[in-house]
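Everything on this sheet refers to the single structure shown next.
The values are calculated or read from the model by the stated rules, or taken from the named source; none is laboratory data. As the structure is a computational prediction, the values presented were derived from the model and not from experiment. Positions of Cβ are backbone-derived with ideal geometry, glycine not excepted, and every protein chain shown enters the neighbour counts.
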Amino acid sequence: DVKVTQSSRYLVKRTGEKVFLECVQDMDHENMFWYRQDPGLGLRLIYFSYDVKMKEKGDIPEGYSVSREKKERFSLILESASTNQTSMYLCASSNNEQFFGPGTRLTVL
Amino acid sequence: KQEVTQIPAALSVPEGENLVLNCSFTDSAIYNLQWFRQDPGKGLTSLLLIQSSQREQTSGRLNASLDKSSGRSTLYIAASQPGDSATYLCAVFSGGGADGLTFGKGTHLIIQP
């Protein structure tokens, strides 16, 4: 079975902190994604990576950056967390079919 | 830009009924369509993937159909059970990297025991 894991299920941070969300997949997938999910807005793509060190901006990249140094790992970075970044963050990987991790519920106080 | 709509937004039915969830998309030039299930506070679980060349896919009590020309997909759930209660999302992949995958907002399904 494909497995996508995320480093934390729940995270509480303070405004202005630098936040790292880690995602690891074990199926040698080329493509990895970071989404956020908010009530009424659905899933929105933040960043997408199609290979090591390669990335593309999604619909809402502002306030975020990403890192893909190894194929299996895709990190989302909040440079200076703000309260409007409180959300559920979902990582996914795919070569065709998308597989999701369990999500990280981030609260920024 | 691709848009995906799911109707109804919410549905509540008694246990044992067969039901249909609908998904429509505006641009028929797609590579595939995927149905997911999401339980409260959890990630998405892939249910079925239909390639653009396929008309349907089946897994257990689930059957998904695809009519690309009319921009529609349906997810049929047979003999519904309380454990089927969840939010069901469809997503369309139109190619093109970051622009490629578009999600609907989901149908929140409740199966009454």
Subset of region A:88-109 (residues that are touching a helix residue (DSSP H, G or I) at 6+ places or on another chain (Cβ under 8 Å) and in a strand (DSSP E or B)): A:Leu106, A:Val108
Candidate set: region A:90-109, residues that are more than 10 Å from every other protein chain (Cβ to nearest Cβ) and within 16 Å of A:Ile46 (Cβ to Cβ); chosen: the one modelled with the lowest pLDDT: A:Ser93
Residues (more than 20 Å from B:Pro8 (Cα to Cα) and in a strand (DSSP E or B)) located in region B:24-44: B:Asn32
Complete set of residues in region B:60-112 that are over 18 Å from B:Thr26 (Cα atoms), in contact (Cβ under 8 Å) with a residue 40 or more places away in the chain, part of a loop (DSSP other than H, G, I, E, B) and not small (Gly, Ala, Ser): B:Gln81
Any hit, region A:3-21, residues being modelled with pLDDT of 90 or more, within 11 Å of chain B (Cβ to nearest Cβ) and in a loop (DSSP other than H, G, I, E, B): yes
Members of region A:39-87 that are more than 14 Å from chain B (Cβ to nearest Cβ), over 20 Å from A:Val12 (Cα atoms), in contact (Cβ under 8 Å) with a residue 12 or more places away in the chain and in a strand (DSSP E or B): A:Glu69, A:Lys70, A:Arg73
Condition met for B:Ala9 (more than 10 Å from the chain's Cα centre (by Cα) and within 14 Å of chain A (Cβ to nearest Cβ)): yes
Members of region B:21-36 found to be crowded, with 20+ Cβ neighbours inside 10 Å and either within 11 Å of another protein chain (Cβ to nearest Cβ) or within 16 Å of A:Asn96 (Cβ to Cβ) (or both), listed by number: B:Ile30, B:Asn32, B:Leu33, B:Gln34, B:Trp35, B:Phe36
Within region A:24-38, considering residues that are part of a strand (DSSP E or B) and out of contact with any Leu (no Cβ under 9 Å at 6 or more places or on another chain), the one surrounded by the fewest Cβ atoms within 10 Å (Cβ to Cβ): A:Asp38
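Conditions (1) under 20 Å from A:Phe33 (Cβ atoms); (2) within 14 Å of chain A (Cβ to nearest Cβ); (3) surrounded by fewer than 14 Cβ atoms within 10 Å (Cβ to Cβ), marked per residue:
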{"site": "B:Val13", "(1), (2), (3)": "no, no, no"}
{"site": "B:Gly43", "(1), (2), (3)": "yes, yes, no"}
{"site": "B:Thr58", "(1), (2), (3)": "no, no, yes"}
{"site": "B:Gln81", "(1), (2), (3)": "no, no, yes"}
